[in-house]
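Everything below concerns the one structure shown next.
Rule-based calculations on the coordinates, nothing more; no lab input. In this text the structure is predicted, and so the values were computed from the model without any measurement. As a convention, Cβ positions derive from the backbone with ideal geometry for all residues, glycine included, and neighbour counts pool all protein chains shown.
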Amino acid sequence: MRFFFAISAIGKDRPGIVADVAELIYETGCNMEDSAMTLLANQFALLILLSGSGKELVDRLASGCKRLEKEKNLTVFFTPLSVQEIHETQQMRGEPYRLMAEGLDKAGIVFKVCRLLANYKANIIDMKTRSHPSAETGTPIYTMDIEMVVPDDAPLEELKTELNRVGDDLAIEIQLKKSEK
């Protein structure tokens with residue numbers, strides 16, 4: 001029987017972090033199904049969907065994660081997922097959209113935009129944010145890039161109007177466009 005797990009790991013950036021986690025996956029007889037990895041400040045973070053089989057797979061993963069924590073200074077978590085959970089995610093209903101926002105960096109941008117999206121039942125599937133100095137003035141500029149699935153029955157024009165209102169309130173530019181699946 002095939003089992004699925006989500007594993008997350010974070011630690012101070014250094015060469016070999018990905019190899020260390022990939023080695024654990026390989027040594028436990030698992031397969032990396034999907035992953036997202038990124039560097040945030042000096043911390044490298046990994047989020048991985050993996051699958052495997054065998055009687056003692058959970059025990060092997062648990063001991064391997066403890067070894068990574070002790071020997072490699074990583075903070076590692078893993079959780080089992082059901083096949084049903086995997087298929088539910090793959091069968092999200094709705095249309096794919098991309099939202100891009102940019103403006104002067106200030107508290108509340110992510111909260112207000114994401115709360116509005118949640119109110120319209122939009123499901124965020126990927127999000128990247130970044131604060132960087134303006135090339136001209138050095139003033140901090142905040143950018144947010146969101147991939148999401150908007151339900152078919154969501155009132156799209158109303159959502160766009162509300163996004164414009166939030167953009168005006170925060171003095172940021174927000175663009176929403178349909179993307180390809």
Legend entry - Share of pairwise Cα separations in the chain, more than 19 Å, in percent: 66
Legend entry - Sum of -39500 (n - 2.57) over DSSP H runs of 4+, divided by residues of the chain (222 nm, nearest 500): -10500 deg cm²/dmol
Inset, instruction - Kindly write out, for the stretch 104-114 in residue order, the coupling ³J(HN,Hα) from the Karplus curve 6.51 cos²θ - 1.76 cosθ + 1.60 (θ = phi - 60°), rounded to whole Hz, with x marking Gly and Pro. - result: 4, 5, 7, 5, x, 4, 4, 4, 5, 5, 5
Legend entry - Residue-by-residue Karplus 3J(HN,Hα) for the stretch 14-30, coefficients 6.51, -1.76, 1.60, Hz, glycine and proline x: 6, x, x, 4, 4, 4, 4, 6, 4, 5, 4, 4, 5, 5, 8, x, 9
Inset, instruction - Please work out the Cα center distance from the stretch 95-152 to the stretch 1-40, rounded to the nearest Å. - result: 27
Inset, instruction - Scan around residue 35 for amide H atoms under 5 Å from its own, H built in the peptide plane at 1.01 Å from N, and keep only partners 5 or more places away or cross-chain. - result: 49
Inset, instruction - Count neighbours as other Cβ atoms within 10 Å of each site's Cβ, and list the trypsin sites (Lys or Arg not before Pro) in the stretch 1-58 that are DSSP loop with at most 14 such neighbours. - result: 55
Legend entry - Amide H within-cut-off set for residue 179, under 5 Å, with H built and near neighbours excluded: 97, 98
Inset, instruction - Take the Cα atoms of the stretch 94-166, build their convex hull, and give its volume per residue in Å³. - result: 84
Inset, instruction - Measure off 7 Å from each Cα along the Cα-to-Cβ vector at residue 58 and residue 12, then give the distance between these two points in nanometres to one decimal. - result: 3.5
Inset, instruction - Compute log10 of I(q)/I(0) for the stretch 41-138 with the Debye formula, placing one identical point scatterer on every Cα and leaving out solvent, at q = 0.10, 0.15, 0.23 Å⁻¹, to two decimals. - result: -0.52, -0.96, -1.24
Legend entry - Derived scalar couplings ³J(HN,Hα) [the stretch 39-46; Karplus, 6.51 cos²θ - 1.76 cosθ + 1.60; whole Hz; x for Gly, Pro]: 9, 10, 6, 9, 10, 9, 10, 10
Inset, instruction - Measure nothing fancy, just the Cα-based angle from helix 156-170's long axis to the longest principal axis of the chain, in degrees from 0 to 90, nearest 10. - result: 80
Inset, instruction - Please give the FRET efficiency for residue 173 paired with residue 39, using the beta carbon to beta carbon distance and R0 = 25 Å, rounded to the nearest 0.05. - result: 0.40
